[in-house]
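Engineer: Take this structure first; my questions come after.
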Amino acid sequence: QRGARRKWIPFFSSCDAVLFVMSLAGYNQYLLEDTDVIRMHEALNLFKETVNQPALRKTPFIVFMNKSDLFKTELKSTSITKCFEDYRLPEVIQVGSSKHASHAAKFIKQKLQKQIDSNRGVETYFHVTCATDTKQVDKIFSSITDIIISR
């Protein structure tokens, strides 16, 4: 897939929004095509490459930080420092708790936000999701529809 990515960009030039879906649980997994690369690092690089494409500067990005359920489970046994050495969990938050998952997801969101060039012309929207939670997905898609229609 890596080699085909550059071929995609021309197809996005007239879109109303880009949905970027990444797995939060990818902090603890490696790519199949390159077992030295952590999936989360690859997602961050792909996001940076895509969100900063000149053809997409005025296109809203909607980022789904998906698999929050698996992420919370993984955090109980594997520290996110495996992927991000600079992550620090405050002592008042219990490892593996919902607050831990929320804090770590915010940290990843900040990492994503740092990838965005300051001269982008539109906002980027972030959602922590669990695709199997149909009520949450319905609510988010309703919000996304409003974003797209308002353009």
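Engineer: At 1.4 Å probe size, what's the solvent-accessible area of residue 100? Round to the nearest 10 Å².
Structural biologist: 10
Engineer: Just to check, using Stokes-Einstein with a Kirkwood Rh over alpha carbon pairs, what's the diffusion coefficient of region 21-111 at 4 °C and 1.567 mPa s in µm²/s?
Structural biologist: It diffuses with D of about 92 µm²/s by this estimate.
Engineer: Could you pull out the trypsin sites (Lys or Arg not before Pro) across region 1-92 that fall in loop regions by DSSP (anything but H, G, I, E, B) with no more than 15 other Cβ atoms inside 10 Å?
Structural biologist: 57, 58, 76, 88
Engineer: Oh, and also: Go through region 32-90 and name the GluC sites (Glu not before Pro) that are in a DSSP coil and have 13 or fewer other Cβ atoms within 10 Å of their Cβ.
Structural biologist: Within region 32-90, the qualifying GluC sites (Glu not before Pro) (loop, at most 13 other Cβ atoms within 10 Å) are 33, 85.
Engineer: With angles folded into 0 to 90 degrees, how steeply does helix 98-114 sit against the dominant principal axis of the chain? Use alpha carbons for both and round to 10.
Structural biologist: 40
Engineer: Would you compute, from DSSP H runs of 4+ residues alone, the mean residue ellipticity of the chain at 222 nm, taking -39500 (n - 2.57) per run and dividing by the full residue count, rounded to the nearest 500?
Structural biologist: Using -39500 (n - 2.57) per qualifying helix, the result is -12000 deg cm²/dmol.
Engineer: Nearest 5 is fine: what % of DSSP beta bridges in region 14-139 come out antiparallel, could you say?
Structural biologist: Antiparallel bridges make up about 10 percent of those DSSP assigns within region 14-139.
Engineer: While we're looking at this one, here's another question. Please state the shape class of region 63-151: rounded when a/c is under 1.5, otherwise prolate if a/b exceeds b/c and oblate if not, all from the C-alpha gyration tensor.
Structural biologist: Oblate is the answer for region 63-151, as a/c is 1.5 or above yet b/c matches or exceeds a/b.
Engineer: Starting from region 65-103, pick out the chymotrypsin sites (Phe, Trp or Tyr not before Pro) whose DSSP state is loop and whose Cβ has at most 16 other Cβ atoms within 10 Å.
Structural biologist: Answer in residue order: 87.
The values are calculated or read from the model by the stated rules, or taken from the named source; none is laboratory data. What you are looking at is a predicted structure, and each value in this text was computed from that prediction instead of being measured. FYI the Cβ positions are ideal-geometry reconstructions off the backbone, even for glycines, and counts take in every protein chain you see. These area figures cover heavy atoms from the full protein model, side chains too; ligands, DNA and RNA do not enter into them. Shrake-Rupley method; radii C 1.70, N 1.55, O 1.52, S 1.80 Å.
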